[in-house]
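Have a look at the structure below before the remarks.
A short reminder: the numbers here are calculations on the coordinates, not readings from a lab. The model shown is predicted, which means the values in this text are computed figures rather than measured ones. Every residue, glycine among them, receives a Cβ derived from its backbone with ideal geometry; neighbour counts consider all protein chains shown.
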C-alpha cells in the first residue's frame, strides 16, 4: 500500500537555501554524498553525463537535455515513515533528535549534516528530484521479506507555488514495495544551464570536498555519456593530492575527533627539522583547548586551479572553508609566495560542536565569532612562520624554474661553445642561478623577463671569470706566462662581450626610433621618452 506524503516548507526556503546557495553541480553532488555518509553507506555511486552542460540553448530558449544525475548508496536507507518524518521535514536538526542522534546507526560515524537543508541543494541545478529508498526494519508481505521502499518525486515548480497548503509530492510506482537490501537513490532531472566536469575534474572536486580516510567508505563515478567499455567510464574518487615543496611542511598531530579539550595534552606540532617547539596544534579560549590537526606547506608549483588554492578546513571530514592567509591584510613580506603557493588540510570538528560557525554554503567560516577570531589569529601566526620557513626552498624552486623556462644551459653552450671556455660556461651558469634566486614567482614565467636575465648572465660571465682569474693570479707568488695569456684572453672576451651588448642595445634603440619616425600617429611623448632613455 502506498504512503501519503506531505512536505511542509516555506516557499522562499527552497529558493534561498537551494537555488541561491548551490548553483554548481559538483557542490550539489557533494551534498548528496554527505547524506550517504551519514546513512552509513560504504559505497556511493555517482552516475552523470560528464564534461558537458546539462542544458542547451535552442532558439534563444534554455532547454534541458534528456539526461539525469543519479547518486546511489548502500546505506541504511529510509522506509516510508522515515522519509516522511525526516527527509520531508526541512530544517530539522538531526543531532538533537533522539530518534537519530549525533552518531550514525551502523558505523557510529560522526554525522556531517546539521541544519537539515542539504536536501534542498539539488534545486540549485534542476527542477525534478526523485527519491527511492528502502530501509527501516525487515518486514514481510505475502510471504516476501525485505525492506519497505519509499518513492517520491519532488517538483520545484509546484513547491514554489504561492499556496498555504502543504506540498504533496508525487508518489512513485515503487512506493510500498519490498527490497532485499537497504539503499537510497536520488535522481535529478530537468536541468538548468549547469556544467558537470570531466570524470577527472569531478573526481578532483569531490576529493577536495571530503577529507576522509576510511576502509568502509568509497565513492565511485560513472560517466553515462561514455560506453561501459570506455577506459574513462568508471573511476574511484581518490585522495586530493598536491605536490609539496620539500622542507616546508608543518604537521599538527593529535587525536580525532578534534573537539574542544580541557588541555592541549596529546596535540603536538612537528616542523620539517623534527622540532616541536614554538607553535601549537590549536589555541585556548576561556580555559578550553580547541585542537587543529593536519598540515600546512608550500606547493611545488604555483596554483593551477581554485581547488589547490590555500588551506582547506574540514569539520567532521566535510569541507567547511578554504583560506590562503587567514584574512591577513595585504602588504606583508613574502605575500606573493604565500598567496600563490601555500596549501594545507586542517581538521577542526569544534567548528560546529556547540555553535555552528560554518556558513551554509560552506564557502567560509564565521571569523567574527570569538572562536573564529582566535582561529584566525592562530592561522596568521602559522602563515607567517611558514613564509619564513619556505624562503630558501622557494628561492631554489624559482631558480630551477628560471633555468628551465630560460633554457639557460643550452643558451650558455651556444654562447661559449669552445673547449677552452669551460670556465665561462660555469661562470654563466652560476650567475644565472644567482639571478634566478632573486626573481619572484610570477617573473620566471614572463618570457621577456627571462630573456633579459639570460642575456645579463651571458654578459656578466666573462667579467666574473676575469675577476676570479685575477684573484687567483694575485694569490700566487710567481704567475706563469700561460696564466697571464689566459687572463688577457678572458679580458679581451669580456671587453668584446660588453661592447657587443652595448652595440646590440643601440641597434634596438635605432630600430625603435625608425619605427616611431615612420609612423604618422607617433605622439611627441614617445620620442621624448626615447631620448631620455638614450640621450646619445
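Let a ≥ b ≥ c be the square roots of the eigenvalues of the Cα gyration tensor of region 11-236; is it rounded (a/c under 1.5), or, if not, prolate (a/b larger than b/c) or oblate? Provide the component values of the computation, followed by the final result.
Working: a/c = 1.44, a/b = 1.17, b/c = 1.23.
Rounded, because the longest to shortest axis ratio a/c is under 1.5.
Assuming R0 = 41 Å, can you tell me the calculated FRET efficiency for the pair residue 86 and residue 270, based on Cβ-Cβ distance, to the nearest 0.05?
On the way: r = 43 Å, r/R0 = 1.04.
Between residue 86 and residue 270 the formula returns 0.45.
Please say if region 250-389 is rounded, prolate or oblate, where rounded means a/c under 1.5 for a ≥ b ≥ c the square roots of the C-alpha gyration tensor eigenvalues, and otherwise the choice is prolate for a/b larger than b/c and oblate otherwise?
Working: a/c = 1.63, a/b = 1.22, b/c = 1.34.
Oblate, since a/c reaches 1.5 and b/c is not below a/b.
Can you tell me what share of the DSSP beta bridges in region 11-236 is antiparallel? A percent to the nearest 5 is fine.
Details: 42 of 48 bridges.
Counting only bridges with both partners in region 11-236, antiparallel ones make up about 90 percent.
Nearest 0.05, what FRET efficiency do residue 142 and residue 4 give at R0 = 25 Å with Cβ-Cβ as r? List each step's numbers first, then the result.
Values: r = 22 Å, r/R0 = 0.87.
Rounded to the nearest 0.05, the efficiency is 0.70.
For residue 106 paired with residue 355, estimate the spin-label separation in nm (one decimal), with each label point 7 Å from Cα along the Cα-to-Cβ line.
3.7
How far is it, in nm, from the label point at residue 286 to the one at residue 170 when both lie 7 Å from their Cα along the line to the Cβ?
Placing both labels 7 Å along Cα→Cβ, they lie 5.1 nm apart.
Just subtract the alpha-carbon distance of residue 157 and residue 239 from 0.36 nm times their residue separation and send over the number in nm, one decimal.
Values: separation 82, 0.36 × 82 = 29.52 nm, distance 3.81 nm.
Residue separation times 0.36 nm, minus the Cα-Cα distance, leaves 25.7 nm.
Give the percent of DSSP beta bridges with both residues in region 278-398 that are antiparallel, rounded to the nearest 5.
Numbers: 16 of 21 bridges.
Roughly 75 percent of the DSSP beta bridges within region 278-398 come out antiparallel.
Could you work out how far apart the two model spin labels at residue 520 and residue 42 are, taking each label as a point 7 Å from the Cα in the direction of the beta carbon, and quote it in nm?
Placing both labels 7 Å beyond Cα along the Cβ direction yields 8.2 nm.
Contour minus end-to-end for residue 392 and residue 509, with contour as 0.36 nm per residue of separation and end-to-end as the Cα-Cα distance?
Values: separation 117, 0.36 × 117 = 42.12 nm, distance 3.82 nm.
Computed gain between residue 392 and residue 509 is 38.3 nm.
Can you order the peptides 77-85, 511-519 by their average number of other Cβ atoms within 10 Å per residue, highest first? Write down the numbers at each step before the final one.
On the way: 77-85: 21.0, 511-519: 11.1.
The peptides rank, most packed first, as 77-85, 511-519.
Under the definition of Cα pairs under 8 Å and six or more residues apart, what whole-number percent is the relative contact order of region 374-466?
Contact order relative to length: 34 percent.
For the ranges 160-170, 454-464, what's the packing order if you count other beta-carbon atoms within 10 Å of each residue, average per peptide, and put the highest first? Show your work: numbers first, answer last.
Working: 160-170: 12.0, 454-464: 21.2.
Top to bottom by mean Cβ count within 10 Å: 454-464, 160-170.
Under 1.5 on a/c is rounded, so check that first for region 102-221, then, if it is not, pick prolate when a/b is larger than b/c and oblate when it is not; a ≥ b ≥ c are the square roots of the alpha carbon gyration tensor eigenvalues.
Details: a/c = 1.74, a/b = 1.06, b/c = 1.64.
Taking the square roots of the gyration eigenvalues as a ≥ b ≥ c, region 102-221 is oblate.
Quote the FRET efficiency, to the nearest 0.05, computed for residue 218 versus residue 413 with a Förster distance R0 of 51 Å and r equal to the Cβ-Cβ distance.
Numbers: r = 52 Å, r/R0 = 1.02.
Using R0 = 51 Å, I get an efficiency of 0.45.
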